[in-house]
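What follows draws every value from the coordinates through simple rules; no lab data is involved. The structure presented is a predicted model; accordingly, all values stated were derived computationally and were not measured. Neighbour counts run over all protein chains shown; Cβ positions are idealised from the backbone, glycine included.
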Amino acid sequence: MFPVGALVRIEHGKPWKRTITMSGIVKSWSDGLLVVERTFPAGGRYDSLGDEKLAGDHGLVEVVGGSWVLRRVYFRSDGQTIGELYNIQTPVVLQPGLVRYTDLEVDVVRRGNGRVEVVDEDDLACAVDMGGISPALAETARSIAYHLADLLRAGGDWREADAAYKNVAA
């Protein structure tokens, strides 16, 4: 479904029906974990981390089908980790060459200094106010985010974060 070296499209849906389309190259596909490598142009800042994008920066997107959590790790050209962003979204749909989900706005970050925090709760509240996310779905997203942050602070694996939510409808 995801041959190493193949191009994969990532459709990052927003609650107000806009879709941001990204792409990358399959680095690995094993045991249900898809790892996609992406490169970034210089300029701007990394979402929720705030670090400046420099020439040569690259990142990995790690995703498991059906998961409420997607991991992004950002690196400088010399391999130094900039930080990690854990996107909370509707359960990921994997199809040949395609990753699709709807962003639930709240995220968890692990900064380069190791500090873990839940961010963008105001964006989640705005999406609820605008009718893009139901209050119940927002509460699920918030619960997953705080559970994930606690798990990461304790040294746990991000893939464990949504195990309790596998049977919750989006």
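Side notes on the structure shown:
- Order of LEU137, LEU7 - criterion: other Cβ atoms within 10 Å of each residue's Cβ, fewest first: LEU7, LEU137
- Compactness ratio for the stretch 7-160: Cα radius of gyration over 2.2 N^0.38 Å (N = residue count) comes to 1.00.
- Neighbours of VAL109, meaning other residues whose beta-carbon lies under 13 angstrom from its beta-carbon, give a summed charge of 0 when Lys and Arg score +1 and Asp and Glu score -1.
- Taking other residues whose beta carbon is less than 12 angstrom from the beta carbon of GLY32, and scoring Lys, Arg as +1 and Asp, Glu as -1, yields -1.
- Unit charges at the beta carbon, dipole of the chain: most positive-side option, ALA42, ILE144, ALA163: ALA42
- Based on every Cα atom in the stretch 30-109, Rg and the maximum pairwise Cα distance Dmax equal 13.0, 35 Å.
- Anisotropy class of the stretch 76-126 from Cα gyration tensor, a/c 1.5 cut: oblate
- Counting charges near GLU62 (Lys, Arg +1; Asp, Glu -1) among other residues having Cβ under 9 Å from its Cβ returns a value of +3.
- Ordering of 118-126, 16-24, 161-169, 83-91 by packing is 83-91, 118-126, 161-169, 16-24, highest average first (other Cβ atoms within 10 Å, averaged per residue).
- The calculated pair-distance distribution of the stretch 9-50 uses every alpha carbon pair, bins of 5 angstrom beginning at 0, and gives 5, 16, 16, 24, 22, 12, 3, 0 percent.
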